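Note sheet for the following structure.
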Amino acid sequence: MSTESLQASSLRRARTIADYQFGTGAGEALFPDNAEFQYSTTKRIRYILTEGTRLATVRASDGRLTLSIEGAERLWTFLPPPAYRVTVLEDVSPFVGKGKNAMAKHVLSADDGILAGDEVLVVLPDDTLIATGSAVLCGSEMMAFNYGVAVQVRSGRLV
């Protein structure tokens, strides 16, 4: 397989995974035509980058995407609220922005469609993106619980 056809095939596959995971159109929003790929030793897509910046990683365990903060920002601009969003209190933004987990007692709202294990966007009440991570609870549980981790934050940024 030539390098160009491998690149095109990888881009199609990455976009298909994103469309499955986040909804139709998410793949094109997340991964531009000039996306670059790094492969595992078994020749599977491992990292998806653009201009040297990692946008996402394909998890080996289940083939789903985990996002960097740059990838989360691309998804955040594409998805209308409240899709895949967990809104937290403004008071905890310095901690969550540094990569600390978002606790259930700090969650103001959460998309009802979120399932445990989903990649989510952690936002402030004004929809400012502060982090991305993996949901530990489903959306309704995040609202119902007053203790425990709601989102295991992978990467964040201070605002």
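Nothing in this text is a laboratory measurement; each read-out follows from the coordinates by a stated rule. Small disclaimer: the values here were computed from a predicted structure and weren't measured. Reconstructed Cβ throughout: ideal geometry from the backbone, glycine too, with neighbour counts over all protein chains shown.
How charged is the neighbourhood of Pro125? Take every other residue with its Cβ under 14 Å from the Cβ of Pro125, and add Lys/Arg as +1 and Asp/Glu as -1.
-3
Want the number for Lys100 to Ser9: 0.36 nm per residue separation, take away the alpha-carbon distance, what's left?
29.1 nm
Along the Cα→Cβ direction, 7 angstrom out, place labels at Thr77 and Tyr47. What is the inter-label distance in nm?
If labels sit at Thr77 and Tyr47, their model points lie 2.2 nm apart.
Ordered by residue, what ³J(HN,Hα) values in Hz, to whole numbers, does the stretch 149-159 give under the Karplus form 6.51 cos²θ - 1.76 cosθ + 1.60, where θ = phi - 60° and Gly and Pro are x?
With coefficients 6.51, -1.76 and 1.60, one gets 7, 9, 10, 7, 6, 9, 8, x, 8, 7, 10 Hz.
For the chain, taking Cα atoms only, what is the radius of gyration to one decimal and the Dmax to the nearest whole Å?
Cα-based Rg and Dmax for the chain come out at 15.8, 54 Å.
Describe numerically, in nm with one decimal, the distance between label points set 7 Å from Cα along Cα→Cβ at Leu158 and at Thr128.
1.3 nm
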